[in-house]
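The values are calculated or read from the model by the stated rules, or taken from the named source; none is laboratory data. What you are looking at is a predicted structure, and each value in this text was computed from that prediction instead of being measured. So basically every Cβ, Gly included, is an ideal-geometry build from the backbone, and we count neighbours across all protein chains shown.
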Ligand code: ADP
Ligand code: MG
């Protein structure tokens with residue numbers, strides 16, 4: 001039977017915008033030992049700004065328009081930001097054969113040509129050699145029929161409360177904070193360093209994130225728990241693999257909210273430390 005105080009704990013958490021889907025998760029939170037974060041949309045806002053455009057053979061505006069057009073069916077934060085950067089609404093009807101490749105980008109047909117927009121991994125698949133001249137942001141490469149057309153540099157911002165969220169976990173005795181990302185190594189390491197994250201793994205495909213979480217599950221000691229926090233875009237499998245899966249409710253997809261054990265209604269990563277505190281207090285009362 002569930003002690004009455006657990007209902008109080010769940011109610012208290014929900015008043016702070018933390019929805020806990022059961023007393024067992026509330027109890028497990030008290031023993032969080034490893035907290036694993038997804039980067040884009042979780043520790044960062046997921047709202048990218050275009051900071052540089054490096055076209056080859058076409059104009060800057062044409063490169064931006066082409067990327068936004070190719071991305072017109074994608075719901076990824078990168079896609080939304082590219083569409084914002086080009087003034088006119090992309091003509092979706094020109095796009096067909098849409099393939100969204102998780103952790104890499106998109107491949108579509110426009111006017112009989114194959115257009116790919118995404119990271120270095122995607123370019124490798126296309127047999128195209130991308131030329132990057134900047135290491136300060138997320139790079140979006142564009143290729144048409146195997147010809148390199150250039151790249152767009154975009155930057156995301158870390159969430160205001162992200163540094164404090166990581167510091168608070170340390171203070172609560174959480175052994176390690178880990179960040180997983182499909183983004184480039186340089187970007188992942190920069191964000192991790194600025195936030196005080198202990199361990200970072202970059203350039204991961206969704207399956208690679210599951211592998212990392214499984215490895216980390218094997219490193220737990222005693223009755224410690226592994227928490228995974230994500231926005232659900234490309235990470236729903238990890239959300240369900242963790243002992244406690246936490247989804248960002250604001251940006252998160254319906255699938256993520258479904259797969260998660262805990263949902264943060266207002267997207268503040270600092271709410272994870274709050275949830276652990278509420279859990280510990282509830283257990284004290286229950287005893
Ligand atoms: P994260 O692991 O940081 O949450 P994702 O797994 O969603 O990020 O994406 C990983 C990487 O894959 C991105 O940094 C980007 O390089 C590439 N990517 C994914 N989707 C797209 C897209 N729609 N357009 C361009 N690039 C994309
Ligand atoms: Mg993500």
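Rundown of residues vs (1) modelled with pLDDT of 95 or more; (2) surrounded by 20 or more Cβ atoms within 10 Å (Cβ to Cβ); (3) over 23 Å from residue 45 (Cβ atoms), yes/no style:
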position: 95; (1), (2), (3): yes, no, yes
position: 110; (1), (2), (3): yes, no, yes
position: 115; (1), (2), (3): yes, yes, yes
position: 133; (1), (2), (3): no, no, yes
position: 149; (1), (2), (3): yes, yes, yes
Seminar exercise, completed: Within the range 23-48, the residues that are more than 16 Å from ligand 2 (Cβ to nearest atom) and either in the same structural domain as residue 79 (by TED's automatic domain parsing) or assigned to a helix (DSSP H, G or I) (or both) are 23, 24, 25, 26, 27, 28, 29
Problem set entry | Answer residue from the range 101-123, given it is on the phi < 0 side of the Ramachandran plot and over 23 Å from the mean Cα position of the chain (by Cα) and is nearest to ligand 2 (Cβ to nearest atom) among those | 108
Problem set entry | Unique match (being more than 27 Å from residue 121 (Cα to Cα), in contact (Cβ under 8 Å) with a residue 60 or more places away in the chain, surrounded by fewer than 24 Cβ atoms within 10 Å (Cβ to Cβ) and in the same structural domain as residue 258 (by TED's automatic domain parsing)) among 168, 184 | 168
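So in the range 72-84, with the set limited to residues that are within 16 Å of ligand 2 (Cβ to nearest atom) and part of a loop (DSSP other than H, G, I, E, B), which one is surrounded by the fewest Cβ atoms within 10 Å (Cβ to Cβ)?
75
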For this session: Find the residue count for the range 192-226, including only residues that are within 22 Å of residue 173 (Cα to Cα), under 14 Å from the mean Cα position of the chain (by Cα) and part of a helix (DSSP H, G or I).
Result: 1
Problem set entry | Members of the range 151-191 found to be assigned to a strand (DSSP E or B) and either under 22 Å from residue 47 (Cβ atoms) or within 15 Å of ligand 1 (Cβ to nearest atom) (or both), listed by number | 151, 152, 153, 154, 155, 158, 178, 179, 180
Exercise. Which of the residues that make up the range 237-269 are within 11 Å of residue 18 (Cα to Cα) and out of contact with any strand residue (DSSP E or B) (no Cβ under 8 Å at 6 or more places or on another chain)?
Worked result: 266, 268
Seminar exercise, completed: The residue that is farthest from residue 242 (Cα to Cα), considering only those in the range 194-206 that are touching a residue at least 24 places away in the same chain (Cβ under 8 Å) and within 11 Å of ligand 1 (Cβ to nearest atom), is 203
